[in-house]
Amino acid sequence: MEVAVFLVPWFIVGIGLLYVAFSGGPGRARQNYLTRGKGIFRYAILGLYVGAGLVVPAVVIAAGGENVGRQGAVSSESLEGDLARGKDLFRESCASCHNLDAVNARGVTGPDLDELGVVEPDRVINSIRIGGTGKLQMPAGLLEGEDAEAVAAYVSKVAGQ
């Protein structure tokens with residue numbers, strides 16, 4: 001689908017270039033269009049541009065289906081217990097630095113947690129304990145105990161979803 005959306009505008013440009021080339025250059029193409037092209041050609045070009053202007057966006061919207069304008073299922077999923085608390089703690093303590101689509105967090109200094117691959121709770125707890133990779137890019141011990149475990153459980157559940 002994306003290929004068609006990319007190729008259609010270039011196809012239209014190609015048709016225009018062919019017309020200019022077969023007319024004998026830009027000046028003659030303009031003259032032909034304005035004088036001799038009163039009949040079918042004007043309507044064909046108009047139809048081509050209007051059709052492409054309506055069809056291409058319609059195809060793109062139709063290809064999106066029900067997901068257009070929605071957030072993922074994990075962002076609207078109701079959570080209970082530690083997962084709900086982990087989500088709240090993540091928003092308070094982590095969202096300003098990390099990107100995580102499930103809470104619409106768009107942090108810029110920390111890594112994108114959706115792109116880390118498999119995120120296990122132990123990996124998250126260890127990162128919280130030592131401060132990320134241990135290179136002083138993240139405060140060590142930002143959360144502790146049950147709070148760190150709740151955030152780790154939440155992040156491991158929703159990261160990359």
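Condition check: assigned to a helix (DSSP H, G or I) and out of contact with any Asp or Glu (no Cβ under 7 Å at 6 or more places or on another chain). Does residue 156 satisfy that?
Criteria not met by residue 156.
In region 103-161, what count of residues is obtained for those that are aliphatic (A, V, I, L, M), under 20 Å from the mean Cα position of the chain (by Cα), buried (at least 18 other Cβ atoms within 10 Å of the Cβ) and farther than 15 Å from residue 83 by Cα?
The number of residues fulfilling the criteria is 2.
For the structure I just gave you, tell me whether residue 29 is touching a Ser or Thr at 6+ places or on another chain (Cβ under 8 Å) and either exposed (fewer than 12 other Cβ atoms within 10 Å of the Cβ) or modelled with pLDDT of 75 or more (or both). Break it down stepwise before answering.
On the way: touching a Ser or Thr at 6+ places or on another chain (Cβ under 8 Å): yes; either exposed (fewer than 12 other Cβ atoms within 10 Å of the Cβ) or modelled with pLDDT of 75 or more (or both): yes.
Taking the combined requirement at face value, the residue satisfies it.
The values are calculated or read from the model by the stated rules, or taken from the named source; none is laboratory data. Keep in mind it's a predicted model, so treat the numbers as computed, not measured. Cβ: placed from backbone, ideal geometry, glycine included. Neighbour counts: every protein chain shown.
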